[in-house]
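Some notes on the structure that comes next.
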Amino acid sequence: MKFCSNCLNPISSKDKRAIALIQKEYQKDNNPWFLGYSGGKDSSALLTLVFNALLEIQNHHKNVTVIYCDTGVEIPTISSYVKDTIKSLETEAKDLRLPLKFNIVKPKLDDRYFVKVIGRGYPPPTNIFRWCTDRLRINPVKGIINPNENSVVLLGVRMGESTERDKTIKRHNTNSKYYLNQGSSTKTKIFSPVVNYSLKDIWSTLKYNAFPYSIDHSLIGQIYKDAGSECPVYKETKGTPCGKGRFGCWTCTVVRKDKSVESMIANGHDNLDELFKFRNWLVEFRDNPKYRSTVRRNGTPGLGPITLKGREIILDKLLYAQKQSRLDLIEEQEINRIHELWTIDINSDKYVEA
Ligand code: SF4
């Protein structure tokens with residue numbers, strides 16, 4: 001539960017200005033609003049501001065859809081926190097008659113991490129071959145936004161968070177400092193009322209706004225203390241979007257060392273130990289040419305997909321980690337799809353096992 005610190009500390013003038021801006025933009029037209037929520041500090045602060053802006057408006061003429069992308073490989077401790085928070089936010093918004101709707105989206109079955117790696121033999125992502133961000137995080141969110149309709153996506157992006165993010169923000173600049181262009185669609189605009197917030201401003205927003213009760217700044221603070229930074233929910237498919245410490249997929253092999261999970265284990269999340277071991281093993285396994293086909297999927301000679309033998313080994317290791325950790329790491333339908341994809345490769349003339 002949130003400490004009602006705004007009884008002692010009024011909300012900042014920056015928050016007041018952001019809330020007024022959100023109200024003005026919300027009331028301007030009928031274009032649908034979507035808010036990308038990851039449970040991290042920036043999107044939580046954004047949601048806090050939107051929540052408070054809507055509280056002060058009488059006429060709610062349109063909904064704001066809050067989207068959370070459950071990739072299936074989120075760090076389990078964090079994804080349970082986010083899902084619990086969403087449940088509680090849903091109730092709170094309903095009680096206060098706010099037009100907030102919540103939508104948990106997932107990647108398409110064929111785009112899921114393990115279906116790609118174990119089913120199709122994709123090498124776990126690297127900085128050079130980072131096939132994951134679009135498929136796991138960006139496309140599921142884009143999938144519910146009609147690119148042919150004018151719409152606004154609210155994101156908690158901020159200048160000064162990382163050099164990579166600053167470059168992205170500058171690249172997509174518009175006339176308004178709060179709006180960014182969305183590369184692939186001229187109809188979707190990105191609105192970030194917190195673009196000029198500092199880290200200190202973000203924590204102050206989370207701490208000093210009494211609403212929503214469901215967003216608990218001390219819990220988020222604890223998660224950050226335990227884990228590190230986060231992965232974006234929209235755009236930024238290049239560079240190193242997830243930062244050095246991450247708040248993203250527990251399987252992430254883009255970073256050489258997974259500081260998030262390592263740090264969470266050090267802070268008492270012992271059940272993540274098996275996941276940590278699996279990920280580290282996967283990094284080594286990925287680079288072992290013994291388990292890579294010598295023919296690419298396009299038929300040319302070169303480092304091809306992980307062999308069927310290699311994929312079998314990965315699945316066994318994963319199921320072992322699942323059993324040991326007692327965490328749900330892979331869904332039944334993903335396992336079924338993996339077996340179907342193996343059968344396709346076995347029966348294909350084009351697939352070369354070694
Ligand atoms: S956390 Fe890593 S694996 Fe997950 S989408 Fe981001 S870069 Fe890819």
* Evaluate region 256-272: report whether one residue or more is hydrophobic (A, V, I, L, M, F, W, C), open to solvent by 10 Å² or more (accessible area, probe 1.4 Å) and either within 16 Å of the ligand (Cβ to nearest atom) or in contact with a strand residue (DSSP E or B) (Cβ under 8 Å, 6 or more places away or on another chain) (or both). => no
* List every residue pair whose Cβ atoms sit under 8 Å apart, with the two residues 6 or more apart in sequence or on different chains, where the first one lies in region 246-273 and is free of Cβ contacts under 8 Å to residues at least 40 places away in the same chain and the second, anywhere, is part of a loop (DSSP other than H, G, I, E, B) and away from the ligand (no atom under 16 Å from the Cβ). => none
* Can you pull out the residues in region 124-156 that are part of a loop (DSSP other than H, G, I, E, B) and open to solvent by 20 Å² or more (accessible area, probe 1.4 Å)? -> Thr126, Asn127, Ile128, Phe129, Arg130, Gly143, Ile144, Asn146, Pro147, Asn148, Glu149, Asn150
* Structure fact -> When (1) touching a helix residue (DSSP H, G or I) at 6+ places or on another chain (Cβ under 6 Å); (2) at pLDDT below 90 are applied to Val115, the one that fails is (2)
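The values are calculated or read from the model by the stated rules, or taken from the named source; none is laboratory data. Everything numeric here is computed off the predicted structure, so don't read it as measured data. Here Cβ is always computed from backbone atoms with ideal geometry, including for glycine, and neighbour counts include all displayed protein chains. Heads up: the accessible areas ignore ligands, DNA and RNA and are worked out on the full protein's heavy atoms, side chains in. Shrake-Rupley method; radii C 1.70, N 1.55, O 1.52, S 1.80 Å.
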